[in-house]
Every structure is written in C-alpha cells, then in structure tokens.
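Working notes for the structure below.
The values are calculated or read from the model by the stated rules, or taken from the named source; none is laboratory data. Remember, it's a predicted structure, so these values are computed and weren't measured experimentally. So basically every Cβ, Gly included, is an ideal-geometry build from the backbone, and we count neighbours across all protein chains shown. When the accessible area is computed, the model is the full protein with side chains, heavy atoms only, and any ligands, DNA or RNA have been set aside. Shrake-Rupley method; radii C 1.70, N 1.55, O 1.52, S 1.80 Å.
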Amino acid sequence: MEGTSWKLQDMSAEDSTAHIYDYLYHRTHFARCMYRNFAKTINRHTKGGRILELGCGVAYLSGILSADTTLDRYCMDFAYNMLKKAKTRCSQCVQADMEYLPYSDKSFDAVFVSSALHHFPYLENVVKETQRILKPNGHLFIQEPNDHHLHFTKPLAIMHECLRKLGVRQYPDVSKLEVKPSEHHAPLPIDMVVASLQNNGFSIVNQKYLYYSSYLFSVFDNRLVHWLSRIPDKYYVNKLHDGYLFMIIGRRQ
C-alpha cells in the first residue's frame with residue numbers, strides 16, 4: 001500500500017475501532033436491514049463464481065453472503081485489525097490497497113463495495129483497478145452514502161415527535177466512540193460515480209437512491225417503528241429524488 005499520510009490516518013482510525021465496529025455500525029434495525037437488502041441485490045445478479053468485497057471492514061456484508069455456497073468469496077481491506085475480525089466471516093482475506101489490487105486481470109465474476117469509496121480522494125484509481133480484475137460482463141455493486149442531507153417533511157416530523165414523546169426507546173448516542181478519519185472524507189455525488197464508471201469501461205445496469213423515512217426513524221430501537229417507517233420510503237425517494245444511500249450496478253464491457 002502506498003504510504004500516503006491520509007491512508008495511514010484512515011488505517012489508524014479503522015484499526016482503533018475494529019473491536020467495536022459491529023456495535024458502532026451494525027447494531028440498529030436499520031443497519032441490519034440495509035446490509036441484508038444489499039446482499040439480496042448482489043445475489044440476484046450473481047450466479048456463482050468468484051466474488052470480492054473491497055474495503056470489507058469486518059466483513060459483515062460478506063458474512064451475510066456466506067449462506068450462498070455457490071460463491072467463492074474474497075475480502076480485502078487495508079486495516080489489519082479489521083481483517084483479524086473479518087477472517088471470522090470470510091476465510092480468504094487480504095490486506096491491500098484498493099488503488100493497487102493484488103489480483104490478476106479478469107479474475108473475478110463480481111466485485112462489491114459498501115460505504116468505502118468515499119475513503120479515496122481519487123475515485124478513478126479504484127474504478128480502473130476494479131475494471132481490470134473483473135471478467136467481461138462481470139458486475140460491480142456500489143452502495144455509498146448520498147451527498148444530500150435529508151430533511152423531515154411535516155408528516156414525518158410530527159410522527160417522529162409523537163414517538164419521542166411517547167417514550168419509544170432510542171439508541172444511545174455512540175458518536176463519541178467514533179474516530180475521525182482524514183479530512184478528505186465526504187459523501188460522493190451519484191453523478192460523479194456514474195460518470196467514472198462509464199469513462200472506465202462500465203455500462204450502468206441500475207442506479208437509484210435508497211432509504212428516506214427509514215433512515216430518519218433509525219434512531220428508534222423498536223422493530224415495529226422500523227418496519228412502519230419503511231412503508232413510505234419509496235414514496236419519499238421518488239417524490240424528492242433523494243435518499244440516505246445510493247446504489248449503482250455496473251457491468252464491465
């Protein structure tokens with residue numbers, strides 16, 4: 001891995017939270033639902049073969065995909081402590097840099113990445129490397145935080161306030177446990193990611209925003225509230241053309 005300062009800073013931040021990463025980012029009803037849905041999307045478009053998770057962290061998503069025995073799963077991340085935990089979910093883990101992937105040309109049927117591309121200020125480098133290791137017609141699945149800030153509409157704000165006043169249990173604020181990564185971190189605009197893929201040998205199979213009301217209600221530790229908040233998700237995404245995440249599926253040409 002190139003020893004640039006931002007990468008070392010990011011690696012230090014990731015490694016320092018590896019032991020509590022599941023608690024920080026996978027404990028909520030919303031988070032678990034989000035990962036399950038992404039795994040289902042990957043499974044729908046991937047019929048066996050070699051599949052790689054880039055920036056796997058503790059391999060939570062690959063762990064969900066482990067139920068599909070037709071997939072030969074690989075994981076990579078640049079944070080050593082993350083990979084120690086990842087190996088409990090995926091046996092084929094490699095410490096590497098997403099800008100310099102240690103894999104042969106055309107060696108994977110699918111690659112997926114969740115909330116890791118925004119770690120890299122030079123998106124083109126990662127996209128080019130991913131295109132290199134994918135087989136022709138192989139798929140790249142991307143799920144990233146959107147660069148918009150979601151706002152409560154009046155009906156959602158009223159519902160949220162009523163739930164709060166009724167004393168519905170909320171998750172504790174754990175932001176103090178997070179470690180700030182390097183300064184360049186920022187959500188990516190979907191148009192920028194789409195353009196990068198198209199400029200580097202990918203056609204776009206699908207692109208869409210995901211999660212609106214369910215994200216706004218994700219602070220509540222209540223399964224019923226979570227499922228009720230999912231009902232208007234598509235309505236708000238379609239009406240406001242916005243969402244907490246965006247997903248892109250690209251096909252290597």
Practice prompt. Could you please state, rounded to a whole Å, how far the C-alpha centre of the stretch 67-106 is from the C-alpha centre of the stretch 143-198?
Written response: 27
Discussion item. Is there a quick way to get the dipole size of the stretch 133-253? I mean about its Cα centre, with the Cβ of Lys and Arg at +1 and of Asp and Glu at -1; what is the value in debye to the nearest 20?
Written reply: 400
Worksheet item: For the stretch 29-77, with only Lys/Arg (+1) and Asp/Glu (-1) charged at the beta-carbon, what is the dipole magnitude about the Cα centre, in debye rounded to 20?
Response: 240
Worksheet entry | Cα gyration tensor shape of the stretch 1-133, rounded if a/c is under 1.5, else prolate or oblate by comparing a/b with b/c | oblate
Worksheet item: What percentages, rounded to whole numbers, describe P(r) for the stretch 173-239 computed over all alpha carbon pairs with 10 Å bin width beginning at zero?
Response: 16, 27, 34, 22, 1
Fill in: Most positive-pole-ward Cα, ALA13, GLY167, VAL179, against dipole of the chain from beta carbon charges
GLY167
Discussion item. For the pairs LYS180/LYS239; LYS87/LYS208; LYS40/LYS87; LYS7/LYS84, flag any whose C-alpha to C-alpha distance is greater than 29 Å.
Written reply: LYS180/LYS239; LYS87/LYS208
Worksheet item: Under 5 Å between amide H atoms, partner at least 5 residues away or on a different chain: which partners does GLY138 have, H built in plane at 1.01 Å?
Response: ARG252
Practice prompt. If a/c stays under 1.5 just call it rounded; otherwise compare a/b with b/c (prolate if a/b is bigger, oblate if not). Do that for the stretch 1-73, with a ≥ b ≥ c from the square roots of the Cα gyration tensor eigenvalues.
Written response: oblate
Worksheet item: Which ³J(HN,Hα) values in Hz, rounded to whole numbers, follow from the phi angles of the stretch 91-107 under the Karplus curve 6.51 cos²θ - 1.76 cosθ + 1.60, where θ = phi - 60° and Gly and Pro get x?
Response: 6, 9, 10, 10, 8, 7, 9, 5, 7, 9, 6, x, 10, 5, 4, 6, 10
Item to complete: Please give the solvent-accessible surface of ASP147 in Å², to the nearest 10, using a probe radius of 1.4 Å with every protein chain present.
Response: 60
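Gain in length, ALA195 to ASN137, computed as 0.36 nm per residue apart minus the alpha-carbon separation, to one decimal in nm?
On the way: separation 58, 0.36 × 58 = 20.88 nm, distance 1.83 nm.
Stretched out fully, the ALA195 to ASN137 stretch lengthens by 19.0 nm.
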Discussion item. Rounded to the nearest 5, what % of DSSP beta bridges with both residues in the stretch 77-146 are antiparallel?
Written reply: 10
Worksheet item: Plugging the Kirkwood radius over Cα pairs into Stokes-Einstein for the chain, at a temperature of 20 °C and a viscosity of 1.002 mPa s, what D comes out in µm²/s?
Response: 113
Fill in: Reach of LYS47 by Cα under 16 Å, taken over lysines that are not fewer than 8 positions away in the same chain
LYS135
Item to complete: Treat every Asp and Glu Cβ in the chain as -1 and every Lys and Arg Cβ as +1, leave all other atoms uncharged, and give the resulting dipole magnitude about the Cα centre to the nearest 20 debye.
Response: 1080
Worksheet entry | Packing rank of 157-169, 52-64, 179-191, 239-251, where each peptide gets the mean count of other beta carbons within 10 Å, highest leading | 52-64, 239-251, 179-191, 157-169
Fill in: Normalised contact order of the chain, rounded percent, pairs of Cα under 8 Å and 6 or more residues apart
21
